[in-house]
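Asks: Have a look at this one.
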Ligand code: BTX
């Protein structure tokens, strides 16, 4: 009900009378009054005037379920949101909820802070309170498990587009799972899956974006950046989440049509920072160098070497520029 009240308040330009809210939601005046107080405690500025009702003057920068649900009306992605101020990892929580049968396709998990944010291969992800977007989307795609890793690339495309549109920054995708601005990492994506050989139980797409972060722990400060650091502006995180859900849903539909990236290839390769760059591909035991030529329909990176083109699958490799991270 709280998200419904928020949605109505956001839509109303003038004042929304208490009586109208009672009628619409079939609840008592006291119930409405209590929720208004809760919202005020969370930081919403609500003007209440007797005989006129309530008017929402300002929304705080928070990522609660009610804030997001009130924005994400009519969408499949993010239609239901599980929020807790603090979590170990939104990916871990999303997997638990999917295992329990609670999280269905499009279910979103968000937190203000992660105490054990995860990167790939056991690495950690710095997720301080209130500054970034730490979220995980549960999907139950009807696709082959072999094609699921492309979802990371689909997500990168959506996040990169939203960053560009919302901030005006020239962000790029660093294949396969980072978004970079001015050569530094502003976003990381961690896709995890539970499947059988030919059937996906669920996929969890974890997205971490440094939004209003002002500084970083020393060990990552040279390679990490935030939207704030790059643009000197702060952003309302719920707005960015809302836009990501919108674009991700759009790109996801195009991906599932053929279970590959043929419809997204041109746009992806335009946004690929590594393109035509010398890269070092580090595989489990060995490494090799070449020029990145872009990705193919399967999302593999094509690398021109002296011996010809090699296709690199995401997973157990890391790709970096010859002189550093990008
Ligand atoms: P990755 O393994 O590619 O990157 C992890 C590496 O990035 C770390 O080893 C560190 O060097 C650097 N790093 C750590 N924190 C940050 C940061 N905040 N900004 C920039 N660089 C950083 C990338 O893994 C995938 C990260 C996914 C994070 C999301 S957050 C929501 C969801 N829940 C969860 O536990 N993980 C995902």
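Asks: Within the range 210-240, count every residue that is in contact with a strand residue (DSSP E or B) (Cβ under 7 Å, 6 or more places away or on another chain), within 12 Å of residue 163 (Cα to Cα) and either assigned to a loop (DSSP other than H, G, I, E, B) or within 12 Å of the ligand (Cβ to nearest atom) (or both).
Replies: 4
Asks: What number of residues within the range 270-282 are more than 26 Å from the chain's Cα centre (by Cα) and either surrounded by 13 or more Cβ atoms within 10 Å (Cβ to Cβ) or touching a residue at least 40 places away in the same chain (Cβ under 8 Å) (or both)?
Replies: 6
Asks: Hey, residue 179 hits all of (1) part of a helix (DSSP H, G or I); (2) under 12 Å from the mean Cα position of the chain (by Cα) but one; which does it fall short on?
Replies: Result: residue 179 fails condition (1) only.
Asks: Here are the criteria: (1) more than 9 Å from the ligand (Cβ to nearest atom); (2) farther than 18 Å from residue 177 by Cβ; (3) not in a helix (DSSP H, G or I). Tell me which single one residue 203 does not satisfy.
Replies: Just one mismatch for residue 203, condition (2).
Asks: A further question on this structure: Could you tell me whether the range 255-269 includes any residue that is surrounded by 19 or more Cβ atoms within 10 Å (Cβ to Cβ), over 19 Å from the mean Cα position of the chain (by Cα), at pLDDT below 95 and not in a helix (DSSP H, G or I)?
Replies: no
Asks: Would you say residue 243 is assigned to a loop (DSSP other than H, G, I, E, B) and either within 16 Å of the ligand (Cβ to nearest atom) or touching a residue at least 60 places away in the same chain (Cβ under 8 Å) (or both)?
Replies: no
Asks: Right, another one. Restrict the check to the range 84-101 and report whether at least one residue is more than 15 Å from the ligand (Cβ to nearest atom) and either closer than 24 Å to residue 247 by Cβ or in the same structural domain as residue 3 (by the TED database) (or both).
Replies: Taking the range 84-101 and keeping what is more than 15 Å from the ligand (Cβ to nearest atom), we get 99-101.
Keeping just the survivors that are either closer than 24 Å to residue 247 by Cβ or in the same structural domain as residue 3 (by the TED database) (or both) gives none.
Looking for residues that are more than 15 Å from the ligand (Cβ to nearest atom) and either closer than 24 Å to residue 247 by Cβ or in the same structural domain as residue 3 (by the TED database) (or both), one finds none in the range 84-101, hence no.
Asks: Looking at the range 84-116, which of its residues are assigned to a strand (DSSP E or B) and over 14 Å from the mean Cα position of the chain (by Cα)?
Replies: Result: 84, 85, 86, 87, 113, 114.
Asks: Given the criteria away from the ligand (no atom under 15 Å from the Cβ), buried (at least 23 other Cβ atoms within 10 Å of the Cβ) and closer than 21 Å to residue 244 by Cα, does residue 150 qualify?
Replies: In short, yes.
Asks: Could you check residue 238 against (1) closer than 18 Å to residue 157 by Cβ; (2) surrounded by 14 or more Cβ atoms within 10 Å (Cβ to Cβ) and say which number it fails?
Replies: It fails just one condition, (1).
Asks: Output yes when any residue across the range 244-257 is assigned by the TED database to the domain that holds residue 125 and closer than 20 Å to residue 122 by Cα, and no when none is.
Replies: No, because not a single residue in the range 244-257 is assigned by the TED database to the domain that holds residue 125 and closer than 20 Å to residue 122 by Cα.
Asks: Still on this structure: Kindly indicate whether residue 173 is assigned to a helix (DSSP H, G or I) and either modelled with pLDDT of 95 or more or within 14 Å of the ligand (Cβ to nearest atom) (or both).
Replies: Working: assigned to a helix (DSSP H, G or I): no; either modelled with pLDDT of 95 or more or within 14 Å of the ligand (Cβ to nearest atom) (or both): yes.
Spelling it out, it is not the case that residue 173 is assigned to a helix (DSSP H, G or I) and either modelled with pLDDT of 95 or more or within 14 Å of the ligand (Cβ to nearest atom) (or both).
Asks: May I ask you to say which residue of 276, 289 is assigned to a strand (DSSP E or B) and either closer than 25 Å to residue 126 by Cα or in contact with a strand residue (DSSP E or B) (Cβ under 8 Å, 6 or more places away or on another chain) (or both)?
Replies: 289
Asks: Another question about this same structure. Given the condition on the phi > 0 side of the Ramachandran plot and more than 14 Å from the chain's Cα centre (by Cα), answer yes or no: does some residue in the range 232-239 qualify?
Replies: Scanning the range 232-239, I find at least one residue that is on the phi > 0 side of the Ramachandran plot and more than 14 Å from the chain's Cα centre (by Cα), so the answer is yes.
Asks: For the range 1-67, give me every one of the helices (runs of 4 or more DSSP H) that falls completely inside it and has 2 or more residues that are more than 28 Å from residue 240 (Cβ to Cβ). Please lay out each step first, then the result.
Replies: Numbers: elements: 2-11, 18-25, 29-41.
Fully inside the range 1-67 and qualifying: 18-25, 29-41.
The values are calculated or read from the model by the stated rules, or taken from the named source; none is laboratory data. In this text, all values refer to a predicted model and were calculated from it rather than measured experimentally. Methodologically, a virtual Cβ is constructed for each residue, glycine included, from the backbone with ideal geometry; neighbour enumeration extends over all protein chains shown.
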